[in-house]
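Notes follow the structure.
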Amino acid sequence: MIKKTLTSLTLFFLFSCSAIDFSYKSDMDITNPIYNKVNYFFSGKEIVGIYGFASVSLGKNKNPEYKLDINIKEKVTKKSVEKNQVVSKIDYSLVFSYLLKNLNSDCIVYREEIVSRFSYTPKSSGENFGSDISLEKQYELAGKNNLSTFLKNINDRQLNICIDEN
């Protein structure tokens, strides 16, 4: 009886775990069609942490096939103002405008605007060192997520076909 139970438990365990995949899969497992083929330029709002992420995600090249212009615009909304006019919450909206140009055919092959949003609660008294670092990290995270979304979106595009500029 014990042998049958032990055997059936072992077989049950083996069959139930047969579909487990132990390889790590994430959204970053995409093929980047412009990696090491692009020169990129940022304009508008400066986000410090995004430069390092861009160099890792886009690579570097001396003879680029593409030029990527990234313009970042920021909109700040004071969400709630208390009786003493102290702001208790600020909403940030970052609009990233991507313009990808094929240098060989001298035309635009991809254009997109992607919006990232986050909220921040400022501290009104004392030193704001920790709160300032937190705000910088929010900017950095929004920039990284936005650039990752852009890379996912161009992954399945034909980047040798010019878009209609009418």
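Every number here is computed from the coordinates shown, using simple stated rules; none is lab data. Here the structure is a predicted model, which means the values were calculated and not measured. Virtual Cβ from ideal backbone geometry, glycine too; neighbours counted across all protein chains shown.
Summarising the label geometry, the points placed 7 Å from Cα in the beta-carbon direction at Ser105 and Lys62 lie 2.8 nm from one another. Rounded to whole numbers, the Karplus 3J(HN,Hα) couplings from phi for the range 93-103 are 10, 10, 9, 9, 9, 9, 9, 9, 10, 7, 6 Hz, using 6.51 cos²θ - 1.76 cosθ + 1.60 with θ = phi - 60°, and x at Gly and Pro.
With 24 Å as the limit on Cα-Cα distance, the pairs of Lys67/Lys137; Lys45/Lys67; Lys89/Lys152; Lys37/Lys75; Lys60/Lys101 that go past it are Lys67/Lys137; Lys89/Lys152; Lys37/Lys75. Going by neighbour counts of Cβ atoms within 10 Å, the residues Tyr51, Tyr92 line up, fewest first, as Tyr51, Tyr92.
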